[in-house]
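Engineer: Got a structure here, written out as structure tokens. Questions coming.
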């Protein structure tokens, strides 16, 4: 008899443009749900042994109510939506996927970076408003543009993504500083966190969200940054104290920021970074990872994880 498998939030990954055949070819009986509201969770989990989730939370109480679960596949790298301790206590194996979106995320980082330093939001608005048409010169030079080759990039979080960002930064001719974890003695090739924060023209965050890194970029850190520096965050929204960032952007403590993540997603309409437009702030809706090739890789890697589990579970 085939094991039963369920995908709880397909629409968070696939909008009809992915090939799910690597999953469907597995010897499993599938149920695919575009989304799962909390009130639907127990029904959608009913009798399933293998669970695929992107962002649906599976806490201890849920896992206790569904003792038939044997494998949880997280369709992402972060596993903070799973009670890992409860899963271990109940003998449930949990897998995730890594390395699927490196190219996608790195390109997004530099897209944000280039928009900031070359003032693209301001120049797009200038063209749309007719300022170029009214110009007495062939070009507009209203907003000073920087060249990446003249800048220093500080990287906080030096895993696979941090490494890849550093490599591309060097290809742009940038100087690269690698930060040690805050408060720790630098390992070879790294600098103190405080030194990177106060030196770099651009700070790019690539560390996981943990109790130690929550609000890592707080008011004190923002004040310590150079007033002409920019902040890039494509990692996790909770790394940044968003109220402090709003204040820093408004009072000129830093030059600007570009974010692909916020602490609450989707964000409330009255989020402090959304309630008013800011020329020095770019926000994208958590899409750095979302190139089709990257999302397809998630399907393929998850299928491999399930196949490995079925093999060992024989």
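Engineer: Restricting to region 256-279, count the residues that are touching a residue at least 60 places away in the same chain (Cβ under 8 Å) and more than 18 Å from residue 209 (Cβ to Cβ).
Structural biologist: Total satisfying the criteria: 3.
Engineer: Going by the conditions given, is residue 159 in contact with a helix residue (DSSP H, G or I) (Cβ under 6 Å, 6 or more places away or on another chain) and surrounded by fewer than 18 Cβ atoms within 10 Å (Cβ to Cβ)? Working first, answer last.
Structural biologist: Values: in contact with a helix residue (DSSP H, G or I) (Cβ under 6 Å, 6 or more places away or on another chain): no; surrounded by fewer than 18 Cβ atoms within 10 Å (Cβ to Cβ): yes.
Criteria not met by residue 159.
Engineer: Let me ask something else about it. Looking at this structure, is residue 221 in contact with a helix residue (DSSP H, G or I) (Cβ under 9 Å, 6 or more places away or on another chain) and either modelled with pLDDT under 95 or farther than 28 Å from residue 275 by Cβ (or both)?
Structural biologist: no
Engineer: Are there any strands (runs of 3 or more DSSP E) wholly within region 57-158 with 2 or more residues that are over 23 Å from residue 238 (Cβ atoms) and either assigned by TED's automatic domain parsing to the domain that holds residue 32 or within 26 Å of the chain's Cα centre (by Cα) (or both), and if so which? Break it down stepwise before answering.
Structural biologist: Working: elements: 71-74, 93-95, 152-156.
Result: 71-74, 93-95.
Engineer: Looking at region 28-39, I want the residues that are within 18 Å of residue 15 (Cβ to Cβ) and have a partner that is in a helix (DSSP H, G or I) with Cβ atoms under 7 Å, at least 6 apart or on another chain. Which pairs are those?
Structural biologist: 32/10; 33/10; 33/44; 34/10; 34/11; 35/11; 36/44
Engineer: It is to be established whether one or more residues within region 10-26 are in contact with a helix residue (DSSP H, G or I) (Cβ under 8 Å, 6 or more places away or on another chain) and assigned to a strand (DSSP E or B). Steps first, please.
Structural biologist: Initial filter on region 10-26 (in contact with a helix residue (DSSP H, G or I) (Cβ under 8 Å, 6 or more places away or on another chain)): 13-14, 17-20, 22-23, 25-26.
From what's left, assigned to a strand (DSSP E or B): none.
No; the residues of region 10-26 include none that is in contact with a helix residue (DSSP H, G or I) (Cβ under 8 Å, 6 or more places away or on another chain) and assigned to a strand (DSSP E or B).
Engineer: Now for a different question. Quick check, is residue 5 in contact (Cβ under 8 Å) with a residue 12 or more places away in the chain, farther than 17 Å from residue 302 by Cα, more than 24 Å from the chain's Cα centre (by Cα) and buried (at least 19 other Cβ atoms within 10 Å of the Cβ)?
Structural biologist: Taking the combined requirement at face value, the residue does not satisfy it.
Engineer: From the list 43, 77, 36, which one is surrounded by fewer than 16 Cβ atoms within 10 Å (Cβ to Cβ) and out of contact with any strand residue (DSSP E or B) (no Cβ under 6 Å at 6 or more places or on another chain)?
Structural biologist: Details: 77 fails: surrounded by fewer than 16 Cβ atoms within 10 Å (Cβ to Cβ); 36 fails: surrounded by fewer than 16 Cβ atoms within 10 Å (Cβ to Cβ).
Just a single option satisfies the conditions, and that option is 43.
The values are calculated or read from the model by the stated rules, or taken from the named source; none is laboratory data. Predicted model only: the values in this text are computed from it and were never measured. Cβ: placed from backbone, ideal geometry, glycine included. Neighbour counts: every protein chain shown.
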